[in-house]
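Novice: First the structure, which I've put down as structure tokens, then a few questions once you've had a look.
The values are calculated or read from the model by the stated rules, or taken from the named source; none is laboratory data. Note that the structure is a prediction, hence the values are computed from the model and not measured. So basically every Cβ, Gly included, is an ideal-geometry build from the backbone, and we count neighbours across all protein chains shown. Accessible surface areas use protein heavy atoms only, side chains included; no ligands, DNA or RNA. Shrake-Rupley method; radii C 1.70, N 1.55, O 1.52, S 1.80 Å.
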Amino acid sequence: MEAIFNIAGHSMTAQSQRLNTVASNLANAESSVSSTGGPYRAKQVVFMAMPLRGEAVQSVRVDRVVEDTAPLRRVFDPKHPAADERGYVSLPNVNVVDEMVNMISASRSFQTSVELMNTAKQLALKTLSIGQ
């Protein structure tokens, strides 16, 4: 029973980090300058399977967060302060539609993990009530 709660908890933690990354990407979708000085680059979460101690099952965890290698968007705007000598501005490689799909997927996965924990809790309570 403990393994079920561990798996669901790890999943919720991983999906929470994925949601935070999506939120960061959406917040910076139009930022021409990031904290590093260049345009913001979209970030993606990489998951990894993690064996549970003493169990024959695996859980999930975030392995790392990587920058998306897709090319930056180039927009012609010669009046923009970050425009190059030809009048083009490099904007983030964030695809808002992809990020929204990623957000929906992460929130559904999080919700499924919550439902798994609630179901496991109800089963445990019913099992305990049988013994009374």
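Novice: Which value results for Rg/Rh of the stretch 28-132 when Rg is the Cα radius of gyration and Rh the Kirkwood radius based on the inverse mean 1/r?
Specialist: 1.26
Novice: Determine the dipole magnitude for the chain: charges of +1 sit on the beta-carbon of Lys and Arg, -1 on that of Asp and Glu, nothing else is charged, the reference point is the Cα centre, and the result goes in debye to the nearest 20.
Specialist: 200
Novice: Determine the per residue accessible area of the chain with all protein chains present and a 1.4 angstrom probe, expressed in square angstrom.
Specialist: For the chain, the solvent-accessible area averages 66 Å² per residue.
Novice: Related question: Return the calculated 222 nm mean residue ellipticity for the chain, to the nearest 500 deg cm²/dmol, obtained by summing -39500 (n - 2.57) across DSSP H runs with n ≥ 4 and dividing by the residue count.
Specialist: -16500 deg cm²/dmol
Novice: Please report, as a whole percent, how much of the solvent-accessible surface of the chain comes from carbon and sulfur atoms (probe radius 1.4 Å).
Specialist: Answer for the chain: carbon and sulfur cover 56 percent of the accessible area.
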